[in-house]
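Asker: Take a look at this one; I'll ask things after.
The values are calculated or read from the model by the stated rules, or taken from the named source; none is laboratory data. Just so we're clear, the structure is a prediction, and the values are computed from it rather than from any experiment. Here Cβ is always computed from backbone atoms with ideal geometry, including for glycine, and neighbour counts include all displayed protein chains. Ligands, DNA and RNA are excluded from the accessible area calculation, which covers all protein heavy atoms including side chains. Shrake-Rupley method; radii C 1.70, N 1.55, O 1.52, S 1.80 Å.
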Amino acid sequence: MLFNKKVKPGYYQIVKEGEEEVIQINYNNYPYSPSIEDSSLCMSRTIEFLTQNPSVVKIIFSQMGKNYEYGYEQTSMLTEVANIYNHFIKQKKVLTLNAMGTSPNCMNCYPTRLSQIQYIILSLLKSDPLGAYVELKRMIREENIILKKTTIPRCINCREHFINLLRNILAFLDNTKMIEMAKPYLDGYSLGNRDVYRNIFRPIITPDFMFTKLTIDHPINGELLDTYSVDEKTEVNMYKIPGDIKTLYHLSPPEFKLSEDKFMLLNLARSVLSEHKPKSEEFVDVERMRKTFFNIGKDLITELATSKNIEIEYNEIEEMAEILVRYTVGFGLMEILLNDKRIQDVTINGPIGQTPIFIVHADYGECVTNIYPSSDDGESWATKFRLISGRPLDEANPVLDTELELPKSKNRVAIITRPLNPYGLAFAFRRHRDKPWTLPLFVENKMISPLAAGLLSFLIDGARTMLIAGTRSSGKTSLLDSCLIEIMRKYRIITVEDTMELSTQRLRELGYNIQPMKVRAALMGKGAELAADEGIRTSLRLGDSSLIVGEIRSKEALALYEAMRVGALANVVAGTIHGDSPYGVFDRVVNDLEVPRTSFKATDIIVICNPVKSPDGLHSMRRVTQITEVRKTWEEDPLREKGFVDLMVYNPHTDSLEPTQELINGDSEIIKNVAGKVKEWAGSWDAVWENILLRAKIKETLVDYSKKYKMPELLEAKSTIYFNDVFHRVMEEVKEKEGKLNNKKIFNKWEQELKKNIKLRSLEKRGE
């Protein structure tokens, strides 16, 4: 805490934050919450303090474990008023007879004018500057009315002089930022009403035990768009703010709903736990470390509550222990933010502390939040990410890519620092879905069409090589994740990533034979981790497997194409790469990554993901815009020599991925190549096309039944994998029984299994 409870309320101290001066004012044992906007007394005292300390750039009120912080913009408005007060009071310019236009020979008006000026300067200017401004304007109007009726020359001169004095004071106020901001609200203003101040002054409130700051008050003029809960204790409100194109994401976490006693206990507990600095080896198993600190925190809070004679329930102790973990070995408010399933990206710009956190919301796009991290937060997070990743972050290595696994979310993290970022640290978090994406889920949200899902399923079973390309945030990694689920569980999968984004752990839990490999990031120099190209070559010695490369960035492209060309991999090979078109992928692979043109022909399929904008430009939807095959007959330029053949193309009018005539008519060398290895399909495009349609129908039926029976779990990975297994098993049974692939019977048997499964789920939900 900033002050001991014994320190008298209203006591202040000046502290340094870097080169800046901050005034901290004690309001412990003060009967009300300290507030410039609500309390004329707080405003008056603060302005008095600022007259003595005009270089202060920030004001902090401290009361019972909470800090109320007014930043530079708000402090500067108060400093302007303090400077005006100083100007008139210290020089005593307004309290003389001459200043008020009163002649020494005529004292009739002096007492009244002195009383009026003293009221304005000594009282209103400090406690209610807007009131002082309104009162000055009223007085000028009244004096002008009286002046018009005055006939004595001496009195005319005296009154004109007094009006000029009032106008002079008014002019000083008129040039202040506070008055400029308040003018739209001053019509009908009454003295003592603080409503207008609430539009101007809004503190950032934070408990002492945390560095991150939060604007807890809801925007007065904001239009409430949506309200939802992240968990039982955390509420989110979405606001449209007049004059701002970004939506406000307003978070109300449980930390700000605690009683004063709980604040005190958390402060004491944090002081004790902060003495323990976690070692690098503890961060190897972050989950275990958090559980250890949670148990220690519970015991510590219980002991402290007993010693302070504070009664507290067991569930409250657990809640406080969770908060304690977040603000010791965890990532504070960032964890609550990343628990929100509707958040896709979080960005924190340098210099940290001067701007709020920005997010990309699934429903509202680019948003600004009410959360302000501090420079201490940034340094603490950077240190933890160094320990978690085992990777450097310094001037020689100003970029760090890693992952953050939290109890309720999995995230990719990119950090930059000096000299790359001249303002120090900056962070970008990409939140991954809690469960793996599936093709049926993508059908449901219209990223792909059912036919596209069927085609991708066919190509994956056909062990084709596939690159999923797109811009940043286009959904390419998520789509690659969904393709893993289409690989039958009997096949082994090896993944190669520099940052672990694919759902390898989830797939292992679902019965997959999967081996992840973590390699050195492309931007890193030498280190303990294996380079990506060496990782790919190593994977070839681990047996027959499907090879999945998280993202093709650098030299690993050569190793990947070497493996593809020599046929070292009998199963599907897939990866992601940045590119907005098939030719863009070719250009990136051949010209940037220096893969030979002939090697690029080992690519069978290119899938392009791109964000699609709404007409107003405010919304963005992720869509697969092309599925293109790469022919093998071109020599120099696949675009000029028709080496790219689109199988499906996005239609913006229908907002759907639609088949081209080439696909409908069977003009696909890649699909024919797959069909040529299956007895029932060889030489029969109709049989191949019917199988693709069958797969599409299965994906679409899953989506339809999910909606019909209100069972979203049917689209999740566990169910999708199960029904994929059912499909392959049924297809084999029908083939053995009838000697051919009867698609109608395959679908009927598969649908019967689906209905049976839904019935069992319904009975379980009813407890029968």
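Asker: Of the accessible area of the chain, with the probe set at 1.4 angstrom, what percent is carbon plus sulfur?
Answerer: 50 percent
Asker: Ok, one more. Through the Karplus equation 6.51 cos²θ - 1.76 cosθ + 1.60, θ set to phi - 60°, convert the phi angles of the stretch 451-462 into ³J(HN,Hα) values in whole Hz; use x for Gly and Pro.
Answerer: Here the 3J(HN,Hα) series is 5, 5, 5, x, 5, 5, 4, 4, 5, 5, 4, x Hz.
Asker: Among 413-421, 73-81, how do they line up from the highest to the lowest mean number of other beta-carbon atoms within 10 Å?
Answerer: For the peptides 413-421, 73-81, the packing ranking is 73-81, 413-421.
Asker: Something else: Could you tell me how far the Cα centroid of the stretch 9-41 sits from the Cα centroid of the stretch 344-417, in Å?
Answerer: Spelled out, the Cα-based centre of one part sits 31 Å from the other.
Asker: Return the tail of the calculated pair distribution for the chain, meaning the percent of Cα-Cα pairs more than 53 Å apart.
Answerer: Tail of the P(r) past 53 Å holds 30 percent of the pairs.
Asker: Suppose a student asked you for the relative contact order of the stretch 603-666, using Cα pairs under 8 Å spaced at least 6 residues apart; what percent would you report?
Answerer: 24 percent
Asker: Roughly how tilted is helix 685-708, in degrees to the nearest 10 and between 0 and 90, from the longest Cα axis of the chain?
Answerer: The helix 685-708 is inclined about 40 degrees to the chain.
Asker: Among the lysines, select those whose C-alpha is under 20 Å from the C-alpha of Lys16, and discard any that sit fewer than 8 residues away in the same chain.
Answerer: The qualifying lysines are Lys58, Lys66, Lys213.
Asker: If I fit a long axis through the Cα atoms of helix 153-174 and take the longest principal axis of the Cα atoms of the chain, what angle between them do I get, 0 to 90°, rounded to 10?
Answerer: 20 degrees
Asker: How far is it, in nm, from the label point at Asp174 to the one at Asp226 when both lie 7 Å from their Cα along the line to the Cβ?
Answerer: 4.7 nm
Asker: Enter the angle in degrees (range 0 to 90, nearest 10) between the Cα long axis of helix 260-273 and the first principal axis of the Cα atoms of the chain, meaning the one along which they spread out most.
Answerer: That helix lies at roughly 60 degrees to the long axis.
Asker: Turning to a different aspect of this structure: Counting only C-alpha contacts under 8 Å and six or more residues apart, can you give the relative contact order of the chain as a whole percent?
Answerer: So the answer I get is 8 percent.
Asker: Once you keep just the Cα pairs under 8 angstrom separated by 6 or more residues, what percentage relative contact order results for the stretch 386-498?
Answerer: 17 percent
Asker: Now for a separate question. Using r as the Cβ-Cβ distance of Asn164 and Glu73, and R0 as 22 Å, what FRET efficiency do you calculate, to the nearest 0.05?
Answerer: It comes to 0.10.
Asker: I would also like to ask the following. So with the 1.4 Å probe, I'd like the accessible area per residue for the chain, rounded to whole Å².
Answerer: The answer is 46 Å² per residue.
Asker: Using only DSSP helix segments of four residues or longer, with each worth -39500 (n - 2.57), what per-residue ellipticity at 222 nm results for the chain after dividing by its residue count and rounding to 500?
Answerer: -12500 deg cm²/dmol
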